[in-house]
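Chemist: Handing you a structure now.
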Amino acid sequence: MSKLVAYFSATGTTARVADELARAIGADLFEIMPEQPYTAADLDWRDKDSRSSHEMDDESCRPAVVGSVENMAAYDTVFVGFPIWWYVEPRIVDTFLEAYDFSGKTIIPFATSGSSGLGKAPQRMATLAPGATVLEGRMLNGNPGAEELRAWAESIC
Ligand SMILES: Cc1cc2nc3c(=O)[nH]c(=O)nc-3n(C[C@H](O)[C@H](O)[C@H](O)COP(=O)(O)O)c2cc1C
């Protein structure tokens, strides 16, 4: 059984960490890519009318994802990375979680942010992936290196 690092990244920060993590632990990498890319205006959290504000205001919003993981059954551990949006995971991460059967798998959240922690994201993610074990996960701000990422991954799975 092998590991997958799946991530969403609107501006590249989480992408860099996800890439480093996947290389450090020899995992496959999958980008949760929005069908409609986010523009700078979409990401303006100060604008109540921006796309991201609308999405985060609506718990049932599920932005469409391009493509899918080919063989999810092959993975026993799935790291799921994202930027913190309004203290939780962006809704597109919820789209990803609802698209697969994660039962029996371990999900490990990780995130980047301006300063917030993971908040209620792991608990929310657990409700969206019934039957999975969702670990507490970790913030990965500050460009952690391969050694640190490998040590962290080995300590939990
Ligand atoms: C819509 C939106 C909401 C955000 N909300 C938070 C937040 O609640 N707390 C925080 O510390 N950072 C917040 N941020 C900042 C991002 O979490 C941070 O810049 C992250 O590293 C971006 O990752 P990315 O480049 O992979 O998209 C927000 C950013 C956006 C665009």
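The values are calculated or read from the model by the stated rules, or taken from the named source; none is laboratory data. Everything numeric in this text was worked out from a predicted model, so none of it was measured. When we count neighbours, we look across all protein chains shown, and the Cβ atoms used for this are built from the backbone with ideal geometry, even at glycine.
Chemist: Hey, S53 hits all of (1) surrounded by 18 or more Cβ atoms within 10 Å (Cβ to Cβ); (2) in contact with an Asp or Glu (Cβ under 9 Å, 6 or more places away or on another chain); (3) closer than 18 Å to Y7 by Cα but one; which does it fall short on?
Modeler: Just one mismatch for S53, condition (3).
Chemist: Do you know which residues across region 46-76 are away from the ligand (no atom under 11 Å from the Cβ) and of a type in the set (A, V, I, L, M, F, W, C)?
Modeler: C61, A64, V65, V66, V69, M72, A73, A74
Chemist: In this structure, is M125 surrounded by fewer than 21 Cβ atoms within 10 Å (Cβ to Cβ), more than 24 Å from D47 (Cβ to Cβ) and not small (G, A, S)?
Modeler: So M125 does not fit the description; no.
Chemist: Scanning region 8-37 for residues that are free of Cβ contacts under 8 Å to residues at least 60 places away in the same chain and buried (at least 19 other Cβ atoms within 10 Å of the Cβ), which turns out farthest from the chain's Cα centre (by Cα)?
Modeler: A27
Chemist: Given the criterion of a type in the set (D, E), within 29 Å of W152 (Cβ to Cβ) and modelled with pLDDT of 95 or more, identify the matching residue among E55, E59, E89.
Modeler: Sole residue among the options that is of a type in the set (D, E), within 29 Å of W152 (Cβ to Cβ) and modelled with pLDDT of 95 or more: E89.
Chemist: Right, here's the next one. When both residues are 6+ apart or on different chains and their Cβ atoms are under 6 Å apart, which pairs have a first residue that lies in region 123-136 and is closer than 17 Å to F79 by Cβ, and a second that is part of a loop (DSSP other than H, G, I, E, B)?
Modeler: Between residues of region 123-136 that are closer than 17 Å to F79 by Cβ and residues that are part of a loop (DSSP other than H, G, I, E, B), the close pairs are A129/F102; A132/F102; A132/K105.
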